[in-house]
Amino acid sequence: MVVEGLVTQPIDEVSIKGYLSQLSKTIDMVELIEPVTHQSPMYGWAGWIHWETSGAHFYAWDTPRLFFSVDVYACKPFSAQAVVELTTEWFGATTVEYKEF
């Protein structure tokens, strides 16, 4: 699943780590490690979490616009609607698009 959206404020490391941990709980995934993040001096933040049944990647751009993208990979079923709702609310997204695969 991919979820992408626009926000009105830059997304920081603390928000990404909190989001990835909450995402794990929301869709009942077992965390194998705490979320890992990295900041690009040119674009923004990236984050990743490893689950027993796969993981998720998160990307937040500051330029050229405030934008995020979440890739959720899972070997067990989960609620796509729960992911969209959490993501929209957590980041206060003004626009969200998603696609299930």
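FYI, it's all coordinate maths here, none of it is from the lab. Treat the numbers as computed from the prediction; the structure is a model and nothing was measured. Glycine also receives a Cβ, built like all others from the backbone with ideal geometry; neighbour counts cover every protein chain displayed.
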>> Taking 0.36 nm per residue of sequence separation and subtracting the Cα-Cα distance, how much length would be gained by fully extending the chain between Ile33 and Thr53, in nm to one decimal?
In response: 6.0 nm
> In nanometres, what is the gap between the two model label sites at Lys99 and Glu13, each 7 Å from Cα along Cα-to-Cβ?
Replying inline: 3.3
> Of Glu34, Glu85, how do they rank once you tally other Cβ atoms within 10 Å and put the fewest first?
Replying inline: Glu34, Glu85
> Given +1 on the Cβ of Lys and Arg, -1 on the Cβ of Asp and Glu, and no further charges, what dipole in debye does the chain carry about its Cα centre, rounded to the nearest 20?
Replying inline: 80
> Among (i) 58, 28, 21; (ii) 55, 31, 21; (iii) 35, 25, 20, which is the computed Cα extents along the principal axes in Å?
Replying inline: (iii)
>> As I understand it, the value is the acute angle between the Cα axis of helix 80-91 and the longest principal axis of the Cα atoms of the chain; what does it come to in degrees, rounded to 10?
In response: 40
> Ranked highest first by average number of other Cβ atoms within 10 Å, how do 56-62, 92-98 line up?
Replying inline: 56-62, 92-98
> What value, in deg cm²/dmol to 500, does the helix sum -39500 (n - 2.57) over DSSP H runs of n ≥ 4 give at 222 nm once divided by the residues of the chain?
Replying inline: -8000 deg cm²/dmol
